[in-house]
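Just so it is clear, none of the values below were taken in a lab; they were calculated from the coordinates. Quick caveat: nothing in here was measured; it's all calculated off a predicted structure. As a convention, Cβ positions derive from the backbone with ideal geometry for all residues, glycine included, and neighbour counts pool all protein chains shown.
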């Protein structure tokens, strides 16, 4: 009798756990969409609201959900740091600090989390903005990005973020415009066949990689190639505000 009662309650818990899992998956879908909408519509307050929701998810006992809650908190702060021109430099620095902490926590929870290491490497790279900060954060950026590439060399976001670093680094520290362009092209190819590994994983970047490829071509003064890259970005994401309202007008000015 005791066995039957235990079995009965266990069977009851199965659909409940499936329901919780589905709810968490839906929440992450909403969070992903909210972040992209906030960035595209220049609504930083919406991203701040996403951060509040993620604080609740971090309290969960499920380590996988907690890891991705840290990741998306880091990602939303990363976007707050670099996507809103009206945010002042002091606030940008605070958002970058918070993003860095969140990605550090994410990889601490899962030492094999390549997406987390790639974003952490990018954040460290952004902190390496001067001589002394470069000495402190440059090696940290290289180590984190190296770990990401070791864990997931075919992940398109890892390849793209590594290429962004190459685009901005001085040549003496491994920067290379041509190397960045090749990285963006490879990332674009990888995105074509990329399958999201689980329901919580990031899905951003497929259009953005062409925006970065265009910027690489602009830096190399290859303006026609840049225009073609921006057209591809708009094909993947019609009406992409960053490309349509910022990058294409900048390209027209440079190419006149």
**Study point:** Angle in degrees between helix 2-40 and the longest Cα principal axis of the chain, rounded to the nearest 10
**Key:** 20 degrees
Point to revise | Mean separation of Cα contacts under 8 Å, 6 or more apart, over the residue count of the stretch 31-144: relative contact order % | key: 18 percent
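With a/c under 1.5 counting as rounded, go ahead and sort the stretch 117-232 into rounded, prolate or oblate using the C-alpha gyration tensor (a ≥ b ≥ c being the square roots of the eigenvalues; past the cut-off, prolate if a/b is larger than b/c, else oblate).
oblate
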Check your understanding: What ranking do 110, 193 get, fewest neighbouring Cβ atoms within 10 angstrom at the top?
Key -> 193, 110
Revision key, fill the gap. Only helices counted: for the chain, with every DSSP H run of 4 or more residues adding -39500 (n - 2.57) and the sum spread over all residues, [θ] at 222 nm is -25500 deg cm²/dmol
Exercise for review: Kindly put 129, 34 in sequence by how many other C-beta atoms sit within 10 Å of each C-beta, fewest to most.
Suggested key: 129, 34
Exercise for review: Could you work out how far helix 208-219 tilts from the main Cα principal axis of the chain, as a 0 to 90 degree angle to the nearest 10?
Suggested key: 20 degrees
Study note, to complete from the structure: residue 93 and residue 59 label points (each 7 Å along its Cα→Cβ direction) are spaced in nm at 3.3 nm
Check your understanding: Quick one, what does Rg over Rh come out to for the stretch 31-144 if you take C-alpha atoms and the Kirkwood Rh?
Key -> 0.98
Review point. For the chain, modelled as a GNM with alpha-carbon contacts under 10 angstrom, which of 82, 155, 51 fluctuates the most?
Key: 82
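How do 142, 29 rank when sorted from fewest to most other Cβ atoms within 10 Å of their own Cβ?
29, 142
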Point to revise | Kirkwood Rh in Å, taken over all unlike Cα pairs in the chain | key: 19.5 Å
Practice item. Averaging sequence separations of C-alpha pairs under 8 Å and six or more residues apart, then dividing by the length of the chain, give the relative contact order as a whole percent. Key: 11 percent
Revision key, fill the gap. Ranked by GNM mean-square fluctuation in the chain (Cα springs under 10 Å), the top entry among 41, 83, 176 is 41
